[in-house]
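The structure under discussion appears below in the form of structure tokens.
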């Protein structure tokens, strides 16, 4: 089969198109004919450092949407031809290929009125946002929340989820993306390039601070999140823990590592099933036109390295999705 291959850990520019054997599903697995796969920052990060569990050449790509092509002997919930999407396992080959393997119980159905591209845009960024906003932070209508990086994948989904809940939303974005994040539902937008973010948030909230923060950028912005939290406020971190906890937790207690992203390697079967549950809940919002998948660029498999380079340069709003013929 055709695939985008990483021959060894290195920059995304080293990725190349090649041919590898079509994989066969194990007893509890399904093979998916890939129709679309979205790009995420974790792809270029993993390309650079690799993973001890990988054999090379390796196929990247966590977010996959397509049709079930083959079914393992223990899988009962899927049939060939079913339209599905999923968040893949970091330790295994991914979806930048014509076919991909995943476990049947971590996969969700695509509604008829949702495209493969729209479904592929959801898993990594969308489930991160859902896990943080709904499961971890428990955002309520009376809350004021600071969703960092509102123009990005995680931040953009988080803004929209909070809008559905009815919370008051503050987000940060460069000036060129202000209208975009307002269209997603942000009530207040701060230009982090020209404004003092902490002071501006305190001014917006009349010095009361915010109830919830989603730290979706880096350690520095996570630290700023601590500064603006109300007493008994909540902070969930995606891209970096505040400095005060780095020594204690060694960066391990991020949403990705202790929640949905770690479900594949967890021995907790309920956590694995919850990947499919959250995906089902998220895509229902897309099907009902309550959440926009934010697809800003549609590209080919051959253009994925260029797309990942854009993500690495932090010049992307919304989602980039690769669609395969």
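All of the numbers you see were taken from the coordinates with simple rules; none came from a lab. All of these numbers come straight from a predicted model, not from anything done at the bench. Every residue, glycine among them, receives a Cβ derived from its backbone with ideal geometry; neighbour counts consider all protein chains shown.
Sorted fewest first by neighbouring Cβ atoms within 10 angstrom, 116, 231, 157 come out as 231, 116, 157.
The length gained on full extension between residue 306 and residue 135, counted as 0.36 nm times the residue separation minus their Cα-Cα distance, comes to 58.1 nm. The label-point distance for residue 230 and residue 113, in a model that sets each label 7 Å from Cα toward Cβ, rounds to 3.6 nm. Reducing the range 195-229 and the range 41-70 to their Cα centroids gives an inter-centroid distance of 34 Å.
Estimated from the Cβ-Cβ distance and a Förster radius of 41 angstrom, the FRET efficiency linking residue 55 and residue 223 is about 0.55.
Tell me, in nm to one decimal, what length is gained between residue 91 and residue 280 on full extension, where the rule is 0.36 nm per residue of separation less the Cα-Cα distance? Show your work: numbers first, answer last.
Working: separation 189, 0.36 × 189 = 68.04 nm, distance 2.34 nm.
Computed gain between residue 91 and residue 280 is 65.7 nm.
Counting only DSSP beta bridges with both residues in the chain, the antiparallel share comes to about 60 percent. So if I take the centroid of the Cα atoms in the range 159-194 and the same for the range 96-141, what is the distance between those two points in Å? Value for the Cα centre distance between the two parts: 22 Å. Which stretch or stretches of the range 74-92 have amide N atoms under 16 Å from the point lying 7 Å from residue 20's Cα along the Cα→Cβ direction? Within reach of a label on residue 20: 88-92. Quotient of the Cα radius of gyration of the chain and 2.2 N^0.38 Å, N being its number of residues: 0.97.
Given 0.36 nm per residue, what is the gain on full extension from residue 315 to residue 288 after removing their alpha carbon distance, in nm?
Values: separation 27, 0.36 × 27 = 9.72 nm, distance 2.95 nm.
Contour length minus Cα-Cα distance gives 6.8 nm.
The simple Förster model, with R0 at 41 Å and r as the Cβ-Cβ distance, assigns residue 8 and residue 206 a FRET efficiency of 0.15. Looking at the square roots a ≥ b ≥ c of the eigenvalues of the Cα gyration tensor of the range 125-258, which shape do they give, rounded for a/c under 1.5, prolate if a/b is larger than b/c, or oblate? Rounded shape, in that the Cα axes give a/c under 1.5. Of the beta bridges in the range 125-258, as assigned by DSSP with both residues counted there, near 0 percent are antiparallel.
Over the chain, DSSP H runs of length four or greater, each weighted -39,500 (n - 2.57), average out per residue to a 222 nm ellipticity of -8500 deg cm²/dmol. Based on C-alpha pairs under 8 angstrom that are at least 6 apart in sequence, the chain has a relative contact order of 19 percent.
In which sequence would 282, 301 go, from the one with the fewest C-beta neighbours within 10 Å to the one with the most? Provide the component values of the computation, followed by the final result.
On the way: 282 24, 301 20.
Lowest count first: 301, 282.
Arranged from fewest to most other beta-carbon atoms within 10 Å of their beta carbon, 144, 80 become 80, 144.
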